[in-house]
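> Here you go, one structure.
We did not get these values from a lab; they are worked out from the coordinates using the rules stated. Every value quoted in this text rests on a predicted model; they were computed, and no experiment measured them. In this analysis, Cβ positions are derived from the backbone assuming ideal geometry, glycine residues included, and neighbour counts consider all displayed protein chains.
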Amino acid sequence: MAEGAHVLVTRNGYDAIAEKYAELFRAELDDAPLDRALLRGFAELVRRDHPDAQVLEVGSGPGAVSAHLHQLELQVSGIDLSPAMVDIARREHPEVSFDVGEMSALDRADAGLAGLVAWYSLIHVPGPQRQGVIDEFHRVLRPGGYALIAFQVGDDTLHLDEAFGQAISLDFHRLQPDAVIALLHTAGFELTARVVRSPESTSRATKVPQGVLIARKPS
Ligand SMILES: C[S@@+](CC[C@H](N)C(=O)[O-])C[C@H]1O[C@@H](n2cnc3c(N)ncnc32)[C@H](O)[C@@H]1O
């Protein structure tokens, strides 16, 4: 698949801010009890239904979420668009395997994975490309496999030209749960869980409602 312009600017943006981003968000999960509960629930579903528990995090960034899933006894690996992010993830979490990759064309066989996590990474995919990405998630999951998608809830797109003193061009698309669920249904998923929570007061991220969906590829 030809690489879109959004992919290039997103990679450049995260390469430029990777170290500062990692520093700011390193401990984000420590103060996020509901997020940890949702990740644990996801991990238990995957482990209950799939003994090998092979999971891929797409858009793994500095790797903290993948490392958390590893602690929850999933056989997790991560891919990210940004080589700088992958370097940090490998350095900080050597127990997990991380590679450069792009979520609309995953380097994975059909139906090989028990789980897939897109934790605040689908937010960088423009509307017209989003169905193709969800179809790709469906392709790599085996029947009975689970996808977990986390995102900021809303109708607008936050655009940043600058972050941490670096010139970037990053779009953060807020999403409506029902719109993402429609994409999941079109791809062939069935919905397992739909959660919208208020922002944690301690979070370093933007203070808007946060959505988490878990969906299952039917057996
Ligand atoms: C907001 S960060 C979240 C990182 C990590 N999941 C976390 O919660 O710390 C978004 C990440 O998604 C990656 N990303 C964005 N678009 C991507 C794509 N098309 N394929 C793979 N990774 C992508 C970015 O490089 C960035 O590291």
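> Among the residues of segment 184-205, how many are in contact (Cβ under 8 Å) with a residue 24 or more places away in the chain and closer than 29 Å to His138 by Cα?
Residues that pass the stated criteria total 13.
> Report yes if Ser97 is among the hydroxyl-bearing types (Ser, Thr, Tyr) and within 19 Å of Arg139 (Cα to Cα), otherwise no.
no
> Related question: Among the residues that make up segment 151-165, is at least one of them within 13 Å of the chain's Cα centre (by Cα), within 11 Å of the ligand (Cβ to nearest atom) and part of a strand (DSSP E or B)?
Yes, because at least one residue in segment 151-165 is within 13 Å of the chain's Cα centre (by Cα), within 11 Å of the ligand (Cβ to nearest atom) and part of a strand (DSSP E or B).
> Restricting to segment 113-145, name every residue that is small (Gly, Ala, Ser), crowded, with 20+ Cβ neighbours inside 10 Å and either within 13 Å of the ligand (Cβ to nearest atom) or assigned to a loop (DSSP other than H, G, I, E, B) (or both).
Ala118, Ser121
> Sticking with this one: If you go through segment 60-67 one residue at a time, do you hit one that is near the ligand (Cβ under 10 Å from one of its atoms), under 17 Å from the mean Cα position of the chain (by Cα), buried (at least 20 other Cβ atoms within 10 Å of the Cβ) and without any contact (Cβ under 8 Å) to a residue 24 or more places away in the chain?
Looking through segment 60-67, none of the residues is near the ligand (Cβ under 10 Å from one of its atoms), under 17 Å from the mean Cα position of the chain (by Cα), buried (at least 20 other Cβ atoms within 10 Å of the Cβ) and without any contact (Cβ under 8 Å) to a residue 24 or more places away in the chain.
> Here's something else I'd like to know. Could you check how many residues of segment 68-94 are more than 26 Å from Pro143 (Cβ to Cβ), over 15 Å from the mean Cα position of the chain (by Cα) and either of a type outside the set (Lys, Arg) or within 9 Å of the ligand (Cβ to nearest atom) (or both)?
8
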